[in-house]
1. Which residues, taken from the stretch 133-146, are closer than 23 Å to Val207 by Cα and more than 9 Å from the ligand (Cβ to nearest atom)?
2. Just to be sure, is Ala220 out of contact with any helix residue (DSSP H, G or I) (no Cβ under 9 Å at 6 or more places or on another chain), away from the ligand (no atom under 16 Å from the Cβ) and more than 14 Å from Val109 (Cβ to Cβ)?
3. Is it the case that Glu223 is over 19 Å from Thr95 (Cβ atoms) and part of a helix (DSSP H, G or I)?
4. Please determine whether any residue of the stretch 105-120 is free of Cβ contacts under 8 Å to residues at least 40 places away in the same chain, away from the ligand (no atom under 12 Å from the Cβ) and more than 12 Å from the chain's Cα centre (by Cα).
5. Residue by residue through the stretch 124-135, note down the ones that are of a type outside the set (Gly, Ala, Ser) and in a strand (DSSP E or B).
6. Just a yes or no: is a residue in the stretch 120-131 closer than 18 Å to Ala162 by Cβ and in contact with a strand residue (DSSP E or B) (Cβ under 6 Å, 6 or more places away or on another chain)?
7. Could you say whether any residue in the stretch 13-30 is modelled with pLDDT of 50 or more, within 15 Å of the ligand (Cβ to nearest atom) and either among the aliphatic types (A, V, I, L, M) or assigned to a loop (DSSP other than H, G, I, E, B) (or both)?
8. Counting only residues that are surrounded by fewer than 18 Cβ atoms within 10 Å (Cβ to Cβ) and hydrophobic (A, V, I, L, M, F, W, C), which one in the stretch 67-110 is farthest from Gly190 (Cα to Cα)?
Amino acid sequence: MLWKFGGLRSRAALPLRSLSTQSGMAAKTAAAEFQQRPSQQGKKKQLLLSDGLQQYLVDHTPKPELVAELRQRTEEGWGRSAQMMVPVEQGHFLTWLVATLNVRKAVEVGTFTGSSALAIAQALPSNGTLIACDLDPRPLELAQEIWQRAGVRDKIEVRLGAGAESLQSMLDNGQADSFDFAFIDADKKGYLQYYQLLIKLVRVGGVIAADNTLWYGQVADPEDTTPNTEAIREFNRTVSDDKRVSTSLIPVGDGIHLIRRLH
Ligand SMILES: C[S@@+](CC[C@H](N)C(=O)[O-])C[C@H]1O[C@@H](n2cnc3c(N)ncnc32)[C@H](O)[C@@H]1O
């Protein structure tokens, strides 16, 4: 796995626990954003279905080995913030989509303990690559262990740092038009900036998938004018109006906006 941190690259995994200052700030940022999410009254991070229908959905979703352990250990280690993980059925949807699109080169912004990255990487061919971007190194320790045991670690290259800077450096390194697939799942106020960079990084015909784009249904509540809700609204409005892309906003998990680059 190729690690990048502070402009240096190494094939060895970083001593993540030593990166305490940056990781502490990043963890607080991520946790703070989670606390700002609309109240879920104990529900998981997904749109409301009846309990029976939700169970039916999960019962009919393949659950790869290690997913249960990753979810349990994330819940033990991160408490309520563990709800930042993509739900099981959404993870499977990502696996299915990446396989169906024959993705070879992918990027994600917002990796946390690695659930979505695991789902994406499992569907990549053996010579496929996922560049996983996050600014918090601590949850990536668990992610790395699980990816290793799942046999996908060699396909995943971690970029530690602010997502926009990582994407910009890929553009600067001549990677425009080279990605088949991108997944956005980081800070909501950054979505538009990630999109404007990713639309240059994905090839024509490539797909960008943006998570949480129905935001627990709060996007449809005119009384909710909180910054994250407004940011998601602006993101959805912008991509829906963008003539360079074809889009579909679908209610899987907390809503995924699928965006295909046309030209
Ligand atoms: C919702 S979680 C990602 C969940 C992950 N996709 C999964 O399935 O487990 C959001 C992540 O975005 C990261 N993040 C927040 N702001 C960021 C930024 N500006 N650049 C990169 N990552 C950021 C947080 O550290 C956090 O790990």
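1. Taking the stretch 133-146 and keeping what is closer than 23 Å to Val207 by Cα, we get 133-134.
Hits for the stretch 133-146: nothing passes.
2. Values: out of contact with any helix residue (DSSP H, G or I) (no Cβ under 9 Å at 6 or more places or on another chain): yes; away from the ligand (no atom under 16 Å from the Cβ): yes; more than 14 Å from Val109 (Cβ to Cβ): yes.
Yes: the conditions hold for Ala220.
3. Details: over 19 Å from Thr95 (Cβ atoms): yes; part of a helix (DSSP H, G or I): no.
For Glu223, the condition - over 19 Å from Thr95 (Cβ atoms) and part of a helix (DSSP H, G or I) - is not met.
4. no
5. Initially, the stretch 124-135 is screened for residues of a type outside the set (Gly, Ala, Ser), giving 124-125, 127, 129-131, 133-135.
Listed by number, the residues that qualify are Thr129, Leu130, Ile131, Cys133, Asp134.
6. Step one: filter the stretch 120-131 for residues closer than 18 Å to Ala162 by Cβ, giving 131.
Then drop every residue that is not in contact with a strand residue (DSSP E or B) (Cβ under 6 Å, 6 or more places away or on another chain), which leaves 131.
For the stretch 120-131, residues closer than 18 Å to Ala162 by Cβ and in contact with a strand residue (DSSP E or B) (Cβ under 6 Å, 6 or more places away or on another chain): present.
7. Yes, because at least one residue in the stretch 13-30 is modelled with pLDDT of 50 or more, within 15 Å of the ligand (Cβ to nearest atom) and either among the aliphatic types (A, V, I, L, M) or assigned to a loop (DSSP other than H, G, I, E, B) (or both).
8. Once the filter is applied, the top-ranked residue is Ala68.
The values are calculated or read from the model by the stated rules, or taken from the named source; none is laboratory data. Quick caveat, the model's predicted, so the values are computed rather than measured. Reconstructed Cβ throughout: ideal geometry from the backbone, glycine too, with neighbour counts over all protein chains shown.
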